[in-house]
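Structure record follows, encoded as structure tokens.
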Amino acid sequence: MAIKDILVHLDTTPRSAARLAVAATLAARHGAHLTGLHVIDVPPPDVLYGFPSAYLDVQRADEIIDQLRAARLGEAGPVQDAFNERLRLDGLHGEWRTVEGITDEVVALHARYADFAVLGQPDPTGWRGAEVSPTALMGSGRPILVVPYAGDFPTVGRRVLVGWNASPEAARAVAEAMPLLQAADKVTVLSINPRGGIGGDGAVPAADIALHMARHGIQAEAAHTVASDIPEGEALLSYAVDIGADLLVCGMYGHSRFREFAFGGVTRGLLAHMTLPVFMSH
């Protein structure tokens, strides 16, 4: 399957330009249609109806929301201009969408109609924008490419590290990332703390999935390591630095529906400490 549709969520935060650069680079490499999505996330007027003021009646609440909406629409203009300029400079085919709604839900909905969506890592400095959330990641049914909140990434997808643990999530991640892997200059498959048994890694960890990739024209190197003193997510990121990877591919793991799509430990660790773009699939 080729990559034909990429969605990138853009906003007014400083990291929007970095997400656009990553998305545009991949769209150009794969000849994909690039969609820029900007969400006007304003509260409904009834949020203000109970405000403790004799002067804030229903009509006034509606006026406040309308003013807020107009301000947000005005802020979207420069973001749209930057997106259109990038399309022009890179000779890309694409479209711009401005949609009103709850950000996470809108992103998840529109991502269903793309091969993958480009979002941002949560920023600990306090900026809130196109950041990753359980709703956006797991509610779309599509893979997500997460861009770190710091750094520039001009060569995403040239040197790829695949995190492999023989799980269904990892298998889906490899399948959905196959076009990215086929376009890479180097692919390394890493098994951390490999397990034996029917659901494990086999006699040579990561070798079976590397052989599967080879049948798709990908010359992948199989590797494994033992990381008993640090979390597996940190081990993956450390190994990525060691080999100079510019993209990490892995499955993401959640708990039961009762936990409302809470992230598993490895996924939480990656999202908290990532230093390179991560292609995640659930």
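Every number here is computed from the coordinates shown, using simple stated rules; none is lab data. Bear in mind that the values here come from a model prediction, so they are computed numbers and not experimental data. When we count neighbours, we look across all protein chains shown, and the Cβ atoms used for this are built from the backbone with ideal geometry, even at glycine.
Packing here is the average count of other Cβ atoms within 10 Å per residue, and on that basis the peptides 98-108, 32-42, highest first, run 32-42, 98-108. Length gained on full extension, ILE102 to THR275: 59.5 nm, using 0.36 nm per residue less the C-alpha separation. Summarising the label geometry, the points placed 7 Å from Cα in the beta-carbon direction at ALA183 and TYR113 lie 2.2 nm from one another. On the basis of the beta-carbon distance and an R0 of 22 Å, ALA171 and MET1 show a calculated FRET efficiency of 0.90. The length gained by stretching the chain between HIS216 and ALA17 to full extension, at 0.36 nm per residue less their Cα-Cα distance, is 68.3 nm.
Here the label points at HIS93 and ASP66, each 7 Å from Cα along the C-beta direction, are separated by 4.1 nm in the simple model. Computed from backbone phi with θ = phi - 60° and the Karplus coefficients 6.51, -1.76 and 1.60, the 3J(HN,Hα) list for region 140-148 is 8, x, 10, x, 10, 9, 9, 9, x Hz; x is used for glycine and proline.
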